[in-house]
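Below you'll find the structure, written out as structure tokens, and then a few comments.
Throughout, read-outs are computed from the coordinates displayed, never taken from laboratory work. All figures in this text were calculated on a predicted structure; none of them were measured in a lab. We place every Cβ from the backbone using ideal geometry, glycine too, and count neighbours over all the protein chains shown.
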Amino acid sequence: MSLFDKFEKNAALYNQLSEAGQNPFTVVMEKVLGPTRAIIKGRETVLAGTHNYLGQTFEPNAIAAAKEALDKEGTGTTGSRFANGTFSGHKMLERDLADYLGMTHCVVFSTGYTANLGAIAGLINPADDVVLIDADCHACIYDGCALSGAETIRFRHNDPESLDKRLARLDPKVKGKLVCIEGMYSMFGDIAPVQEFVEVAHRHGAYLLVDEAHSFGVYGETGKGVSEAEGAMRGIDFYTGTFSKALAAIGGFVASNHPELEYLRFSSRPYQFTASPSPATIASASAALANIKAHPELRDKLWANARRLHAAFTQLGLNIAAPPAPVISVLLPNRELAFAAWNFLLENGVYVNMAIPPGTPGKESLLRLAVSSAHTNEDIDRLVAAYTAMADAFEGARVTASAERVASIQSKS
Amino acid sequence: MTEIQEDDDLVFHKICSLLEPLNHKGAKLTRDTDLIADLEVDSVSVLDIVMDIEDNYDISIPVNTISETRTIGELVDAIHAIKKEQS
């Protein structure tokens, strides 16, 4: 019995959610109607809790490319990238991604999660190297560190000075130093001062890895991410990303100007020991990449939608975690209110994400909305109407900001 | 030796003062207090407290070390060892 004892506490929390209403972690999309609509609990719902930033899930050319790949290459590769599952499509997509990012090398993985896992664990030798990570990094970066077995040091979120101190303290015997940050952080929608991190990392002889999972295709003049927006593309050593957000497929990649990136192909277990992405997946991701390159107006529409929602929520007096971004998180005073407000929105035909401690920075309870370029004006109207009704229905939904947080948000905007 | 114990004691009190806001049950904090089982502090909170300790003592405490400590006493000992190593 003792094997299962450890689950008791979290199981009780999880079950409580189901008893008190719809459990946010058991939502089923019964029927998908389009990039921003699905049937949930029998009701047509606006999807604002998936990361379909550029609305690519139903693009006819991507669907056609995937169907063609299915017909020509079959349903799966039945092999790993390393041993027996690399098709020409994987290599072409690596080339296309490297070209797009202006980098010389790219390695495609099966998911965004395994891309970070594989990059960190593959690059790091636990005997000699140290990884330094932003405290708010995604679970896959923490897991990459754990898999690497190397000493891992956290620095304060978005704080280059905190990194500077920790790099300065390192034993001179440490050989390789890898710093990991993200472009846009997906919980609050705040962005990293990438160029400042480049300068600090390189001053200490450290390499910088930037995970642009949520910002690839979305930030920067040509969509290369927060690194581009911050003028830091030339300074970053490793760029990681995913196909499962702006590219609306599944898979991930690491790009770099270091030719040694190729060594990951025989030294990264998450690359070597899992099946490669299916031909249809690669085909749709490739088509989506071509689409987002050819249609910068998708980004314009996404940002127009994001600004409109952010302005409306500000007007409502909601406590927004960060300046306008493709993720707009509204902070609520506690998890009970977050849960009730999330249920209220779902009952009103709006699907967003609820996030509660301990999985959130600063122990915040929040409702996370992910904007899409495919959100129509009518979708945005429905989102604003639902949030307005929510703010009216729950005392305490408006203004919960601690003075400290308000100050930190204002200093970033 | 007394000097070390004195210092040890200061580290212990520093950790207790950082943990106090999270000590919702008002448990008495001793070296044997288990951070997660007794205080029900989640692992992320422990990491955040450690960051305050790092800045306070100007040392770096690896995540790996923290995940191996369960009690306040173990954390005190780990910090003590790192202080010695990094000074």
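Distance cut-off 19 Å, Cα to Cα: go down the list B:Lys14/B:Lys83; A:Lys177/A:Lys245; A:Lys224/A:Lys245; A:Lys9/B:Lys25; A:Lys173/B:Lys83; B:Lys14/B:Lys84 and report the pairs above it. From the list (B:Lys14/B:Lys83; A:Lys177/A:Lys245; A:Lys224/A:Lys245; A:Lys9/B:Lys25; A:Lys173/B:Lys83; B:Lys14/B:Lys84), the Cα-Cα distance tops 19 Å for A:Lys177/A:Lys245.
Per residue, the average separation of C-alpha pairs within less than 8 Å and at least 6 apart gives chain B a relative contact order of 37 percent. Taken residue by residue and averaged, Cβ atoms of other chains lying within 10 Å of the Cβ of B:59-70 number 4.
To the nearest 20 Debye, how big is the dipole of the protein assembly as shown about its Cα centre, given +1 on the beta carbon of each Lys and Arg and -1 on that of each Asp and Glu?
On the way: 44 positive and 65 negative charges, 295 e Å.
Dipole size: approximately 1420 debye.
Size check on the range B:2-86: the Cα extents along the three principal axes, sorted descending, read 34, 27, 19 Å. Only one residue of A:Val218, A:Thr240, A:Gly251 has its Cα farthest out toward the positive end of the dipole of the range A:207-258, where Lys and Arg carry +1 and Asp and Glu -1 on Cβ, and that residue is A:Gly251.
Comparing A:Gly225, A:Gly176, A:Gly122 in a Gaussian network model of chain A where C-alpha atoms under 10 Å apart are linked, the largest mean-square fluctuation is found at A:Gly176.
For A:Lys175, the aspartates and glutamates whose Cα falls under 14 Å of its own Cα, not counting residues fewer than eight places away in the same chain, are A:Asp128, A:Asp129, A:Glu151.
Note on the range A:61-294: dipole from Cβ charges, positive end direction compared against A:Ala135, A:Ser148, A:Gly74; the farthest Cα belongs to A:Gly74. Running a GNM on chain A with Cα contacts under 10 Å, which residue among A:Val107, A:Val330, A:Val384 ends up with the highest mean-square fluctuation? Highest fluctuation of the listed residues: A:Val384. Measuring nothing but how far apart in sequence close Cα pairs (under 8 Å, 6+ apart) lie, relative to its length, the range A:61-294 scores a relative contact order of 32 percent. Taking chymotrypsin sites (Phe, Trp or Tyr not before Pro) across the range A:3-43, the ones in a DSSP loop with at most 16 further Cβ atoms lying within 10 angstrom of their Cβ are A:Phe7.
For a straight C-alpha distance cut-off of 12 angstrom, the aspartates and glutamates reachable from A:Lys41 (same-chain residues fewer than eight places away being disregarded) are A:Glu30, A:Glu347.
Can you give the calculated 222 nm mean residue ellipticity of chain B, where each DSSP H run of n ≥ 4 adds -39,500 (n - 2.57) and the sum is split over every residue, rounded to the nearest 500 deg cm²/dmol?
Numbers: 4 runs with 53 residues, N = 87.
Value at 222 nm, helices only, nearest 500: -19500 deg cm²/dmol.
Counting only the Cα atoms, the range A:83-230 fills a convex hull of 115 Å³ per residue. Report relative contact order for chain A in percent, whole number only (criteria: Cα-Cα under 8 Å, sequence separation at least 6). 21 percent.
Rounded to whole Å and ordered largest first, report the semi-axes of the equivalent ellipsoid of the range A:108-165 derived from its Cα gyration tensor (root of 5λ). List each step's numbers first, then the result.
Working: eigenvalues 80, 42, 13 Å².
Calculated on Cα positions only, the semi-axes equal 20, 14, 8 Å.
With the largest listed first and rounded to whole Å, the semi-axes of the equivalent ellipsoid of the protein assembly as shown from the Cα gyration tensor are 37, 31, 21.
What helices in chain A pass both tests, a Cα length along the helix axis of 15 Å or more and a mean Kyte hydropathy of -0.5 or higher, using whole DSSP H runs?
On the way: long enough: A:8-20 (18 Å, -0.81); A:60-73 (19 Å, -0.44); A:88-101 (20 Å, -0.68); A:112-123 (16 Å, 0.90); A:279-294 (23 Å, 0.88); A:297-316 (28 Å, -0.55); A:335-347 (18 Å, 0.50); A:377-393 (24 Å, -0.04).
Qualifying helices: A:60-73, A:112-123, A:279-294, A:335-347, A:377-393.
Quick check: from the Cα gyration tensor, does the range A:216-278 come out rounded (a/c under 1.5), prolate or oblate?
Working: a/c = 3.90, a/b = 1.36, b/c = 2.87.
Oblate is the answer for the range A:216-278, as a/c is 1.5 or above yet b/c matches or exceeds a/b.
Here is the list for the range A:163-250: trypsin sites (Lys or Arg not before Pro) lying in DSSP coil, each with at most 15 other C-beta atoms within 10 angstrom of its C-beta, are A:Lys173, A:Lys175.
Whole number please: convex hull volume per residue of the Cα set in the range A:119-203, in Å³? Provide the component values of the computation, followed by the final result.
Values: hull volume 7.0 nm³, N = 85.
For the range A:119-203, the hull spanned by Cα atoms encloses 82 Å³ per residue.
For the range A:185-207 and the range A:291-361, what is the separation of their C-alpha centers, rounded to whole Å? If you average the Cα positions of each part, the centres end up 24 Å apart.
Scalar couplings 3J(HN,Hα) for the range A:350-364, obtained by applying the Karplus form with A = 6.51, B = -1.76, C = 1.60 to θ = phi - 60°, are 10, 9, 10, 9, 9, 10, 9, x, x, x, 10, x, x, 6, 7 Hz; x denotes Gly and Pro.
Between A:Asn319 and A:Leu331, A:Val399, A:Thr400, the built amide H atoms are under 5 Å apart, and every one of these is 5 or more places off in sequence or on another chain.
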